[in-house]
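The values are calculated or read from the model by the stated rules, or taken from the named source; none is laboratory data. The structure presented is a predicted model; accordingly, all values stated were derived computationally and were not measured. All Cβ positions, even for glycine, are placed from backbone atoms using ideal geometry, and neighbour counts span all protein chains on display. We work out accessible area using only protein heavy atoms, side chains counted, and drop any ligands, DNA or RNA first. Shrake-Rupley method; radii C 1.70, N 1.55, O 1.52, S 1.80 Å.
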Amino acid sequence: MFDYHEYFRSEMMPHMWCKGCGNGIVLKALLRAIHRLGLSKDRIAMVSGIGCSSRLTGYVDCNTLHTTHGRPLAFATGLKLARPELTVIVITGDGDGLAIGGNHLIHTARRNIDLTCLLFNNQIYGMTGGQLAPTTPEALFSTTTPYGNIEPNFDACRLVQAAGGTFVARGTVYRAIPLEKLIAEGIQHKGFSFIEVLTTCPEIHGRRNKLGTPAEMLQALAKTTLPTGVIHQASGPEYTEAYDGIIAKAQGRT
Amino acid sequence: MNSLVHQRCRVYTTEKVTIRILEEWCKGCEICVDVCKKHCLAMDILGKVKVVNVEACNKCLLCDVLCPDFAIAIE
Ligand code: SF4
Ligand code: SF4
């Protein structure tokens, strides 16, 4: 039977996510997807930014980079250009990937570079203190919106599709087996793969907004009105290959 | 589970199923207790999960897949 513990840096475990936090469920789905594809740990590079979800890279025994706030896609782009043979997986959150690093996200999608980006959407900045994120639903409370949020929120998948991403999908931690399949498909897709994972923050977000127990918050995700599954798939020139073409041209090989 | 972690688990077993609980990693969120339709699991007085009816387990794997803390495994 599949053993998650084979993929951990055992001295780093157990993880620091709060009681009932959905991030651990995403980590499980990701490890099962990697196992399902038979990828060697040494051939995977995981790159994360800052935030609760980005702590993930500390726990897995792959090649990992824990970078600066909002910038994992920029680091991953450099890494992939230097080592295109690696499978590069980017771990980011809604605050990290859509607000602070939102510009990196649209331009990475536009370039269609062969990265797989998992965006953990828990509707809040958890680690940094419960501030409003671009994904916080209207009328909910956060430390920076003590009277309720008046801002409309982002649809991350539509944004990435419009910017040129060639694999766009959305899953939830409540449906963790379909999520595992989406992650596996995203990794196999050649080009920029974006998977938004609707997850839960029962501690910082759930408590403040009285969203229920961790299990109730999970079950509420089953009722999301957002589309789930593979939302968009297309093919187009992949960036590292196009770049190889330019190198060959500059060297007079074509 | 790898042998080191294995040794630290509480094991409940029947002919059909083995449930392993890594108590020191359980944070007591009760997700597993809630999702188990067969009522195999409950919380103990220390806020850790325990197996109360291993016979009823039908190996649906919901607890195994949804425990965020890698604290319960079904074989
Ligand atoms: S603050 Fe929220 S997102 Fe961060 S670990 Fe705790 S529950 Fe998870
Ligand atoms: S889901 Fe995991 S952490 Fe939560 S109570 Fe059950 S065994 Fe413990």
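Observations on the model:
- Qualifying residue in segment A:148-168 (condition: within 13 Å of ligand 1 (Cβ to nearest atom), over 26 Å from B:Cys63 (Cα atoms) and at pLDDT 95 or above): no
- Residue that is over 16 Å from the mean Cα position of the chain (by Cα), surrounded by fewer than 24 Cβ atoms within 10 Å (Cβ to Cβ) and at positive phi, where the choices are A:Gly38, A:Gly78: A:Gly38
- Scanning segment A:169-205 for residues that are of a type in the set (Val, Ile, Thr), more than 16 Å from ligand 1 (Cβ to nearest atom) and not in a strand (DSSP E or B) gives A:Ile177, A:Ile183, A:Ile187.
- Taken over segment B:12-31, the criterion of being within 11 Å of ligand 2 (Cβ to nearest atom) and open to solvent by less than 40 Å² (accessible area, probe 1.4 Å) is satisfied by B:Ile19, B:Arg20, B:Ile21, B:Leu22, B:Trp25, B:Cys26, B:Gly28, B:Cys29, B:Ile31.
- Out of A:Glu203, A:Glu185, sole residue that is within 14 Å of chain B (Cβ to nearest Cβ) and open to solvent by 20 Å² or more (accessible area, probe 1.4 Å): A:Glu203
- If you go through segment B:27-56 and keep only what is under 21 Å from B:Glu75 (Cβ atoms) and either touching a Ser or Thr at 6+ places or on another chain (Cβ under 8 Å) or within 16 Å of ligand 1 (Cβ to nearest atom) (or both), you end up with B:Ile31, B:Val54, B:Glu55.
- Count of residues meeting criterion [within 20 Å of A:Met127 (Cα to Cα) and either in contact (Cβ under 8 Å) with a residue 12 or more places away in the chain or more than 9 Å from chain B (Cβ to nearest Cβ) (or both)] in segment A:18-45: 9
- Unmet requirement for A:Ala45, which otherwise passes all of (1) open to solvent by 10 Å² or more (accessible area, probe 1.4 Å); (2) within 15 Å of the chain's Cα centre (by Cα); (3) away from ligand 1 (no atom under 16 Å from the Cβ): (1)
- Annotation: of all residues in segment B:54-75 being out of contact with any helix residue (DSSP H, G or I) (no Cβ under 7 Å at 6 or more places or on another chain) and within 14 Å of another protein chain (Cβ to nearest Cβ), the one that is nearest to A:Phe2 (Cα to Cα) is B:Glu75.
- Boolean, A:Leu140 is at pLDDT 95 or above, of a type in the set (A, V, I, L, M, F, W, C), out of contact with any Pro (no Cβ under 9 Å at 6 or more places or on another chain) and part of a strand (DSSP E or B): no
- Residues of segment A:152-182 that are of a type in the set (S, T, N, Q) and within 14 Å of chain B (Cβ to nearest Cβ): A:Thr172 alone.
- Test for A:Leu226: is it away from ligand 2 (no atom under 16 Å from the Cβ), free of Cβ contacts under 8 Å to residues at least 12 places away in the same chain and open to solvent by 60 Å² or more (accessible area, probe 1.4 Å): no
- Boolean, A:Cys62 is out of contact with any Gly (no Cβ under 9 Å at 6 or more places or on another chain), buried (at least 17 other Cβ atoms within 10 Å of the Cβ) and over 26 Å from A:Asp155 (Cβ atoms): yes
- Looking across segment B:32-53, the residues that are under 11 Å from the mean Cα position of the chain (by Cα) and either near ligand 2 (Cβ under 8 Å from one of its atoms) or within 11 Å of chain A (Cβ to nearest Cβ) (or both) come down to B:Cys32, B:Val33, B:Cys36, B:Leu41, B:Met43, B:Lys48, B:Val49.
- The set of residues in segment A:206-231 being of a type in the set (S, T, N, Q), within 16 Å of ligand 1 (Cβ to nearest atom) and within 11 Å of another protein chain (Cβ to nearest Cβ) consists of A:Thr213 alone.
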